[in-house]
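J.: Starting off with a structure, shown below.
The values are calculated or read from the model by the stated rules, or taken from the named source; none is laboratory data. What you are looking at is a predicted structure, and each value in this text was computed from that prediction instead of being measured. Cβ sites come from the backbone with ideal geometry, for glycine too, and all protein chains shown count toward neighbours.
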Amino acid sequence: MTGQSSAQESAQAYAFERYFAQSGGPLTGLMTGGVSTFAVAAKSVAAAAEAGALQHDPQAVDTAIRKLDEFQRTLERIKRRSSLLATRTPLGGGYADRVGQINQEIGRLAQSTVVPDLVKAIDELKAELDKSRKSYRNVEESTSGTMNKL
């Protein structure tokens, strides 16, 4: 027994349904915000490199890629640990049960969607950074070769 009337429980269920319908769920912001941030960064690096507008220290790129690697390792730990959150936790009835269900959903989404999508977006950013570094080195080498011929 939850101590609430069925009308109260129905109202809570309806509120949760409306929230999820409007927001897409508890992790939508993280999924779209985090993944899109890395995707936009990768596209920006690619566009700047193609336009020749990207000049950077290759050591800074190495450092950035190392930091992104660390972040990916952290995400993999989060993915492994989210299995605990995805486990059903019987917290009682009513609101407490719904919180347990939401936690379980968040854990499953972290494992199946959020972490893999973030890891993929970070891989794309690292690839673009690596390409831009190689492009920068090629320009530097061709410029120094031209200067030596003068």
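Residues are listed down the side, and each one gets a yes or a no for (1) assigned to a helix (DSSP H, G or I); (2) small (G, A, S); (3) surrounded by 14 or more Cβ atoms within 10 Å (Cβ to Cβ); (4) modelled with pLDDT under 85:
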| position | (1), (2), (3), (4) |
| --- | --- |
| Q111 | yes, no, yes, no |
| V119 | yes, no, yes, no |
| K126 | yes, no, yes, no |
| K131 | yes, no, yes, yes |
| E141 | yes, no, no, yes |
| G145 | yes, yes, no, yes |
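J.: Let me ask you something else. State all residues of segment 73-94 that are loosely packed, with under 15 Cβ neighbours inside 10 Å, farther than 25 Å from V40 by Cα and in contact (Cβ under 8 Å) with a residue 24 or more places away in the chain; if no residue qualifies, say none.
T.: If the condition is that a residue be loosely packed, with under 15 Cβ neighbours inside 10 Å, farther than 25 Å from V40 by Cα and in contact (Cβ under 8 Å) with a residue 24 or more places away in the chain, then S83, G92, G93 are the ones that fit.
J.: Are there any pairs with C-beta distances below 8 angstrom linking a residue in segment 99-122 that is under 13 Å from L75 (Cα atoms) to a residue that is modelled with pLDDT of 85 or more and among the charged types (D, E, K, R), with the two at least 6 apart or on different chains, and if so which?
T.: Pairs found: A110/K79; Q111/K79; V115/E76; V115/K79; P116/K79; V119/E76.
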